[in-house]
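Here is the structure we will look at.
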Amino acid sequence: MKRPTLTRCALGLLAALLTAVAVGRFCVGRYAVGTRAMQPTLSPGDRIAVDKWFGRRPRRGAIVLFRSPRQQDVGALLLGRCVGLPGDTLIVTPDGYLILGRLYPPPADRPTTYRVPRDLRHSLLTLLEFLDIPVRRLADDTTHFRLSLTPSEVGRVRETLPLMLLPVPRPDRDMPRVRFVLPAARRSHVADDITLLLCREALLRETRGRAAIRQGRLYLDGQPADSCTFRRDYYWILADNPAVGVDSRHLGPIPHSSIVGTVIGAE
């Protein structure tokens, strides 16, 4: 009579072990915080519990663990706070992103307006086309033309052109507010300048090689396109400590597929 009892106990222990492994693997995971991105809420060395089941659809304000969607960052895990949900409208201003009345820091690589002499226009535009850098907000006056470049784009241009050909930027405080709607699955979005800037990598990933962005214009299967439809929901995630955090300011909207889960506890 003891053998069946021992067998049941062994099976019970095995089932409990398998349940614990399944919960840890698929439902709740434990991780150590390795950066200062979420200070003062979380500090390096803190242990966090992450809901990887229900927490993959984060609510607004939740701290989430997510993977960088960039190919060069494969496997990199990041922490941030979900401040924008699919379908939310972001107002892009010179001072940052306005979401539901709250202003968040601007992106680290935000475009800045440059004034360039008109006689250098053709040479610079030819170089931008060669480097596949979009021409944003091109405008002319009697002696200059203006366009917007990000710091990384400026660095690429200056590797080819002498510094004198790209003057020091003047702050453009008259830049209008631009509306941007976070992509939601199966919704069509206008392929305007701000969408192509913020969602460039997302569009190239989602279309699996069908899309190209040239000179600030979207092409699908080689044909110009005025709109695009995303297959996934996207979130706007920001670090509590923007000075050191890597988040949507650098990566753009974060796809649902990159979200590991929501932080539900820390110690």
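Residues in region 219-253 that are farther than 21 Å from Pro40 by Cβ and polar (S, T, N, Q) were compared, and the one that is least open to solvent (accessible area, probe 1.4 Å) is Ser227. In region 82-122, of all residues being small (Gly, Ala, Ser) and open to solvent by 20 Å² or more (accessible area, probe 1.4 Å), the one that is nearest to Ala139 (Cα to Cα) corresponds to Ala108.
Condition check ((1) among the aromatic types (Phe, Trp, Tyr); (2) under 30 Å from Ser258 (Cα atoms); (3) at pLDDT below 85) across all residues:
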residue: Pro169; (1), (2), (3): no, no, yes
residue: Asp174; (1), (2), (3): no, no, yes
residue: Ser188; (1), (2), (3): no, yes, no
residue: Ala191; (1), (2), (3): no, yes, no
residue: Glu201; (1), (2), (3): no, yes, yes
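Identification of strands (runs of 3 or more DSSP E) wholly contained in region 82-133 with 1 or more residues that are closer than 28 Å to His144 by Cβ yields 89-93, 96-99, 112-117.
Does any residue of region 66-75 turn out to be among the aliphatic types (A, V, I, L, M) and either open to solvent by less than 70 Å² (accessible area, probe 1.4 Å) or farther than 30 Å from Gly265 by Cβ (or both)? The answer is no; no qualifying residue exists.
The values are calculated or read from the model by the stated rules, or taken from the named source; none is laboratory data. Predicted, not measured: the structure shown is a model, and the values here were computed from it. No Cβ is skipped: glycine too gets one built from the backbone with ideal geometry, and neighbour counts run over all protein chains shown. Note: areas computed on protein heavy atoms with side chains; ligands, DNA, RNA excluded. Shrake-Rupley method; radii C 1.70, N 1.55, O 1.52, S 1.80 Å.
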